[in-house]
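Single-structure report; data block below.
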Amino acid sequence: MKFAVKAWSNGGARAGILHLGTSTIDTPSLLLSTRKGLPHFISPDLLSCLPSPESRLLHVSPLHFLEGLSMKTISKIGGLHQLLGLHDHCFVSVPRDSIQCLPEANSTNKIGASFETPCGRLLIKPVEYMEMISSTRPELWATLADEVPAWVSDKRNKTSVDRTIKWLDECISLSPASGAVFGAIVGGSSLEERRRCAQEVATRNVSGYWVGGLGLGESMDERPALLNAVIEALPEEKPRLICGLGLPEEILQGIAAGVDLFESTYIYHLTLGGFALTFPLDRTQINALNLAPSDVGSDPRKINLRATVFRKDTMPIVEGCTCYTCRNHTRAYINHLLNVHEMLAQILLEMFFPVDKGSYQCRPI
């Protein structure tokens with residue numbers, strides 16, 4: 001892995017370029033959320049419909065593979081690339097999955113981190129976690145962390161930092177020869193513990209940093225100070241990753257603080273809800289979307305294709321857009337698919353690539 005910063009803004013935001021495997025990705029960049037290595041509604045043969053190289057970064061939790069094939073079998077097959085047949089994509093492995101594998105701070109102890117998973121509540125030890133990493137062979141992986149919610153005590157915050165640093169050293173000592181290591185940074189809502197953890201992790205031999213423990217109860221008003229406390233203690237030449245942020249405004253907060261890579265469940269939840277995202281670049285041109293005010297509502301960034309107003313609408317999601325969904329299907333058809341609970345609706349909503357049309361951008365989810 002190689003990373004270089006190309007440009008800075010006055011407030012801390014930056015643009016960079018990440019070389020990972022055979023892919024070159026401009027940052028800031030969003031990781032595609034997956035279930036067992038594949039996007040939730042996209043089959044392997046349809047991945048080529050997504051923009052490249054932006055869609056080649058796949059976020060995966062090794063905890064997904066605790067059901068089904070054993071780690072020994074996955075290792076014998078040759079890791080995730082051989083198992084899934086995705087040789088042109090890069091896997092970013094983080095223990096936490098914000099949809100199905102959430103940290104359970106009350107059950108975490110000095111032995112390992114606890115997670116709520118589809119297999120039940122599991123305690124994962126550093127040596128077990130590193131066995132998963134060695135078997136799945138991702139290009140980039142984050143170390144095990146004791147993530148805690150925002151409301152825990154100062155004592156629990158301190159304990160989480162001590163454990164995370166200890167597990168960081170254990171993971172590094174057990175790390176495989178391949179794969180870039182991202183050191184985990186925690187500390188809950190404590191600025192002092194966040195800063196202390198970042199300073200400790202910055203002294204370790206890692207390729208980048210995973211800012212963990214966010215999206216667990218802190219408010220958007222609290223988050224900038226927490227991010228700044230961490231970023232100020234980290235070297236500028238290494239990339240930074242965040243998981244658990246949801247809304248676009250939260251992603252923009254991270255970008256403003258100088259974060260480079262993001263994992264978010266926002267697209268997943270909107271897709272399930274039947275929404276299509278549209279991003280007007282000029283407020284005066286919102287009417288170009290040809291939507292009635294009741295359809296747009298108070299949020300012009302997305303439209304609800306379950307709404308009855310689209311039942312007989314023969315237009316594409318955005319007229320003139322050249323993505324696969326807009327070229328081949330209408331709002332009425334997607335409305336029908338959503339109302340009869342056909343999975344094809346989510347597939348069409350998740351197949352997208354950005355297209356400029358006049359002064360706005362269309363982006364089905």
What list of ³J(HN,Hα) values in whole Hz, one per residue of segment 136-141 in order, does the Karplus curve 6.51 cos²θ - 1.76 cosθ + 1.60 (θ = phi - 60°) give from phi, with Gly and Pro shown as x?
7, 6, x, 6, 9, 9
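Which value, to two decimals, describes the C-alpha radius of gyration of segment 132-219 once divided by 2.2 N^0.38 Å?
Details: Rg = 13.0 Å, N = 88, 2.2 N^0.38 = 12.1 Å.
Here the answer is 1.08, to two decimals.
Out of the trypsin sites (Lys or Arg not before Pro) in segment 92-153, which ones are loop residues according to DSSP with at most 10 other C-beta atoms within 10 Å? Each step should come with its number before you reach the end.
On the way: sites: Arg96, Lys110, Arg121; in loops: Arg96, Lys110.
For trypsin sites (Lys or Arg not before Pro) across segment 92-153 that sit outside H, G, I, E and B with at most 10 neighbouring Cβ atoms in 10 Å, the list reads Lys110.
Per residue, how big is the convex hull of segment 1-93 when only Cα atoms are used? Give it in Å³.
Numbers: hull volume 10.6 nm³, N = 93.
Value for segment 1-93: 114 Å³ per residue.
Return the subset of Lys72/Lys166; Lys76/Lys158; Lys36/Lys76; Lys36/Lys312; Lys36/Lys125; Lys2/Lys36 for which the Cα-Cα distance in this structure is over 29 Å, preserving the input order.
Pairs exceeding 29 Å: Lys76/Lys158; Lys36/Lys312.
Counting only DSSP beta bridges with both residues in the chain, tell me the antiparallel percent, nearest 5. Don't jump to the answer; show the numbers that get you there.
Values: 31 of 56 bridges.
So the antiparallel bridges in the chain amount to around 55 percent.
Quick check: net charge around Leu191, other residues with Cβ under 12 Å of its Cβ, Lys/Arg +1 and Asp/Glu -1?
Numbers: positive: Arg194, Arg195, Arg196, Arg223; negative: Asp154, Glu192, Glu193, Glu218, Glu222, Glu232.
Result for the local shell: -2.
For the peptides 2-13, 136-147, 255-266, what is the packing order when you average, over each peptide's residues, the other Cβ atoms within 10 Å and list the highest mean first?
Values: 2-13: 12.2, 136-147: 26.0, 255-266: 22.1.
Packing proxy ranking, top to bottom: 136-147, 255-266, 2-13.
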Using the alpha-carbon centroid of each, what span in Å lies between segment 1-49 and segment 246-262?
14
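No value in this document is a laboratory result; all are computed from the given coordinates. Predicted model, so just to flag it, every value in this text is computed and none were measured. Cβ coordinates were reconstructed from backbone atoms using ideal geometry, including for glycine residues, and neighbour counts include every protein chain displayed.
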